[in-house]
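Following: one structure in structure tokens, then a few remarks.
The values are calculated or read from the model by the stated rules, or taken from the named source; none is laboratory data. Fair warning: this is a prediction, and the values are worked out from it, not measured in the lab. Cβ coordinates were reconstructed from backbone atoms using ideal geometry, including for glycine residues, and neighbour counts include every protein chain displayed.
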Amino acid sequence: MNRMASSSPQIGFDRFIAIEWAAAALKVRAELGTLDELNALLDAAGLGVAARKKTRTVLNRLWLAPRPELADFAERGVAILKADPSVPIAALTWGMAIATYPFFGKVAELVGRLSALQGDCASAEVHTSAKRCPSLPYRLRSSSIHSCSISRWGTSFRRAQTWPSIPKGQAAKWFP
């Protein structure tokens, strides 16, 4: 499929997404939570009208109403959560973020490479590395937002010495 015909967002989400918000959205999809609970979290964050609308758009694309070609993938993630509630929501959301927003995966790759080389990395370093990637020049603002989400979700080396993961048996169900 060529880039122009793709229905996937080419840049990624344009704002920080708290893992608590993603967890609430996943729980709504899994029928383990309600939209009122998600809305209460967003209300508590003090988001303005425009920011709230854009945040809900990202949460819709991730869990609440993913693109049709990702709906089955999201349902398999829900099945994993229901089968084993101890599976880290960050790991499930990470998978959905990469599937939904391919640029998120590129930023995660940069964070991983920088962390492997130097044991840690700052958002500015991710941004600088993104500038050096010829396929990413117009996406630079999102690289900082994605690296912030990656860090706050506890999925960067700096924040967690062990990565949130999905047990092998469950992962096989998600990625058949």
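Here are a few things to note about the model shown:
- Pairs, first without any contact (Cβ under 8 Å) to a residue 40 or more places away in the chain and over 22 Å from A79 (Cα atoms) in the range 95-107, second in a helix (DSSP H, G or I) and of a type in the set (A, V, I, L, M), C-beta under 7 Å, six or more apart: G105/I98
- Subset of the range 41-70 (residues that are among the hydrophobic types (A, V, I, L, M, F, W, C), surrounded by 12 or more Cβ atoms within 10 Å (Cβ to Cβ) and not in a loop (DSSP other than H, G, I, E, B)): L41, L42, A51, V58, L59, L62, W63, L64, L70
- Close pairs (7 angstrom Cβ cut-off, 6 or more residues apart or separate chains): without any contact (Cβ under 8 Å) to a residue 60 or more places away in the chain in the range 35-57, in a helix (DSSP H, G or I) and among the basic types (K, R) anywhere: L42/R52
- Residues that are touching a Ser or Thr at 6+ places or on another chain (Cβ under 9 Å) and either surrounded by fewer than 19 Cβ atoms within 10 Å (Cβ to Cβ) or part of a helix (DSSP H, G or I) (or both), drawn from the range 94-108: W94, A97, A99, T100, P102, F103, F104, K106, V107, A108
- Residue match in the range 138-151 (condition: charged (D, E, K, R) and modelled with pLDDT of 55 or more): no
- Condition check for D72: in contact (Cβ under 8 Å) with a residue 12 or more places away in the chain, more than 13 Å from the chain's Cα centre (by Cα) and farther than 24 Å from D36 by Cβ: no
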